[in-house]
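Shown next, in structure tokens, is the structure this report addresses.
Each value in this text was obtained by applying a stated rule to the coordinates, not by laboratory testing. This structure is a prediction, so every number in the text was calculated from the model and none was measured. Cβ sites come from the backbone with ideal geometry, for glycine too, and all protein chains shown count toward neighbours.
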Amino acid sequence: MSFSIGIVGLPNVGKSTLFRALTQKQVDIANYPFCTIDPNVGVVAVPDERLEKLAVLSKSARIVPTTVEFVDIAGLVRGAHRGEGLGNQFLSHIREVDAICMVLRWFADGDIIHVENTVDPLRDRDIVEMEMIMADMQVVRKRLESISKQVKGGDKEAMRFSKLLEKVLAVLNAGKPAHDVSVDEAECVFLNSLQLLTAKPLLYVVNVAENDNVSLPSELAALTPVRLCAKLEAELVELPQDEVRVYLRDAGFAQTGLDQLIVRVYELLGLRTYLTTGEKETRAWTVKAGTLAPQAAGVIHTDFEKGFVKAEVVQWKALVEAESYAAARQKGKLRIEGKEYVIQDGDVIIFKIAP
């Protein structure tokens, strides 16, 4: 299971620089608000130290990490919903992503113009969020129009969803995101089909200047953003891993910007990673929190869910410390779990499947 993150923000806030740092993929970074209409898409491996340690233990021939897809779109400007700049064309590229990452600029640079002429991340946040709200209003109105005939014909389901759409529209009209609307399970499925931007989980990234250790303003800090320097991250990806580790150690950082972002995205989406390991490969598998063992097996192959019998489970640290499955079993660290077992992050699992 992989997932995708849409990177949004005003022009020249560092979106494309961040994208290059994350994906190690060179993209067009032009000092002009409307440099591109097409999105840049990059798939990057999720860093996971557990994979290497398990691969050494199992003498695995290869390591297969889970991945995340980043979609970098053209910069948004005030009035985009009315067709300013690239208008709504950029929005269609992120309707299907799992979450949105909004980049806010908190650095001054006279050589990099700001479309609003001044650096103000909170103002920029309000502009981007309002443009997404306005774009969602257009989607909701269009859906209301499309089901109007069914509503007039007395279709009960259409009438129910029409009321829901009116409720969503009222929230959007008040300048609030769609995720503020309280819905039941059936309504949630319907709303998900609309792919509303403001219903998606949202993470903020504050792009600061290199060596900027000044505390963020309280209102900006209240957004609980990932704080990084996109320019520095882009430089770090060009270095050998050994040098990156030395830099992080000397600077007192525990993680690179990518690591921070991935961890926060996992938290935001409620994801868990379980692992499989053997001579052929050591692989990471991503599931939603609360996933049961049979469904987790189905991520490997759909037939595994139907044929699930049991799962042999051990936490990755316990397996590495024991140095083998046999030793882990002997120490009582490896246990047998059934169909009701909820997958935990860091589980190493061997599924037993009926033939």
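Using a simple spin-label model with pseudo-atoms 7 Å out from Cα toward Cβ, E49 and E337 lie 2.3 nm apart. Just tell me which lysines come within less than 19 Å, Cα to Cα, of K163; anything on the same chain fewer than 8 places away is out. Cα-Cα hits under 19 Å: K142, K149, K152, K176.
Apply the a/c threshold of 1.5 to the C-alpha gyration tensor of segment 203-351 and tell me whether it is rounded, prolate or oblate. The shape class here is prolate. Dipole of the chain computed with +1 at Lys/Arg Cβ and -1 at Asp/Glu Cβ about the Cα centre; of T277, M159, I63, farthest Cα towards the positive end is M159. Here the extension length gained between D126 and E321 equals 65.2 nm, from 0.36 nm per residue of separation less the Cα-Cα distance.
The local environment of F3, defined by Cβ-Cβ distances under 12 Å, has a net charge of -1 under the rule Lys, Arg +1 and Asp, Glu -1. Entry for segment 290-353 at q = 0.12, 0.17, 0.18 Å⁻¹: log10 I(q)/I(0) = -0.28, -0.55, -0.61, Debye formula applied to identical alpha-carbon scatterers, no solvent contribution. The HN-Hα couplings worked out from phi for segment 139-153 by the Karplus form 6.51 cos²θ - 1.76 cosθ + 1.60 (θ = phi - 60°) are 5, 5, 4, 5, 5, 4, 5, 5, 9, 4, 5, 5, 5, 5, x Hz, whole numbers, x standing for Gly and Pro.
With contacts defined as alpha carbon pairs under 8 Å and 6 or more residues apart, what's the relative contact order of the chain in percent? Don't skip to the end; give the middle numbers.
Details: 610 pairs, mean separation 70.0, N = 355.
It comes to 20 percent, rounded to a whole number.
Amide H contacts of Q315 (H built 1.01 Å from N, in plane; Pro and chain starts excluded): V348 sit under 5 Å, all sequence-distant by 5 or more or on other chains. Simple rule: put +1 on each Lys or Arg Cβ and -1 on each Asp or Glu Cβ in segment 290-353, find the dipole, and look at G346, Q330, F308; the Cα lying farthest toward the positive end is Q330.
The helix-based estimate of mean residue ellipticity at 222 nm for the chain, built from -39,500 (n - 2.57) per DSSP H run of four or more residues and divided by its residue count, is -11500 deg cm²/dmol to the nearest 500.
Maximal additional length on extending the T118-R62 stretch stands at 15.2 nm, based on 0.36 nm per residue less the C-alpha distance.
Our estimate of slack between V246 and T302, defined as 0.36 nm per intervening residue step minus the Cα-Cα distance, is 15.8 nm. Here segment 308-324 and segment 185-257 have alpha carbon centers that stand 32 Å from each other.
Note on segment 290-353: Lys pairs 8 or more places apart or on different chains, Cα atoms under 14 Å apart, count 7.
Amide H contacts of A289: L271, R272, each under 5 Å away and 5 or more positions distant or on a separate chain (H built 1.01 Å from N in the peptide plane; Pro and chain starts excluded). Net charge dipole, segment 290-353: roughly 220 debye, given to the nearest 20, about the Cα centre with Cβ charges of +1 for Lys and Arg and -1 for Asp and Glu.
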